[in-house]
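A short worksheet on the structure shown next.
The values are calculated or read from the model by the stated rules, or taken from the named source; none is laboratory data. Because the structure is a prediction, the values reported are computed rather than measured. Cβ placement follows ideal geometry from the backbone for every residue including glycine, while neighbour counts extend to all protein chains displayed.
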Amino acid sequence: MEIQLQNAKLFELSNSFDDRDGYYLISLKWSLINEEYITFVRKEALAYCYNLDWAGPMSKSNLLKKVIKDKTVIVPLSKIRSFLVKVNTDNKECFMLPNTDEVRKIIGFEDANLQLVV
């Protein structure tokens, strides 16, 4: 008997640029340089989050309507997949994107554009 999990997502360690995986909107404004994780814009663009599930995936055409120049950037899952880490938060496992130099470079962030919270 085969069981299909409706909301299960499989993250394969792959760097292929297959756009069928979906896209995510990342906040340049709220991804602070000293934060542990990159900040995503939630699916309905009403708030921000670190949890990848809350942020999408979404279609590129849908995200193009929500992107704000110099404040957000659209990133395909295929570009960030190999950097995702599994984190246990609120007694639930989820995937988050670490805020490292390498990840910021892949996404296209300039460190000068990121805020520092003191």
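Which residues, counting only those in region 23-41, are surrounded by 11 or more Cβ atoms within 10 Å (Cβ to Cβ) and either more than 21 Å from R104 (Cβ to Cβ) or modelled with pLDDT under 90 (or both)? Break it down stepwise before answering.
Taking region 23-41 and keeping what is surrounded by 11 or more Cβ atoms within 10 Å (Cβ to Cβ), we get 23-33, 35-41.
Matches in region 23-41: L28, K29, W30, S31, L32, I33, E35.
Considering only residues in region 75-90 that are hydrophobic (A, V, I, L, M, F, W, C) and within 9 Å of the chain's Cα centre (by Cα), the one that is surrounded by the fewest Cβ atoms within 10 Å (Cβ to Cβ) turns out to be L84.
Just to check your reading of the model, which residue among K79, K69 is of a type outside the set (A, V, I, L, M, F, W, C) and modelled with pLDDT of 85 or more?
Result: K79 is the single residue among K79, K69 that is of a type outside the set (A, V, I, L, M, F, W, C) and modelled with pLDDT of 85 or more.
Filtering region 56-73 for residues that are closer than 20 Å to E102 by Cα, touching a Phe, Trp or Tyr at 6+ places or on another chain (Cβ under 9 Å) and part of a strand (DSSP E or B) leaves a non-empty set.
Within region 59-72, residues that are closer than 16 Å to S27 by Cβ reach partners that are modelled with pLDDT under 90 and among the small types (G, A, S) with beta carbons closer than 6 Å, at six or more positions or on different chains, in the pairs K66/A45.
Each row is one residue, and each column tells you yes or no for (1) surrounded by fewer than 14 Cβ atoms within 10 Å (Cβ to Cβ); (2) modelled with pLDDT of 85 or more.
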{"site": "D21", "(1), (2)": "no, no"}
{"site": "K92", "(1), (2)": "yes, yes"}
{"site": "F95", "(1), (2)": "no, yes"}
{"site": "E102", "(1), (2)": "yes, yes"}
{"site": "Q115", "(1), (2)": "yes, no"}
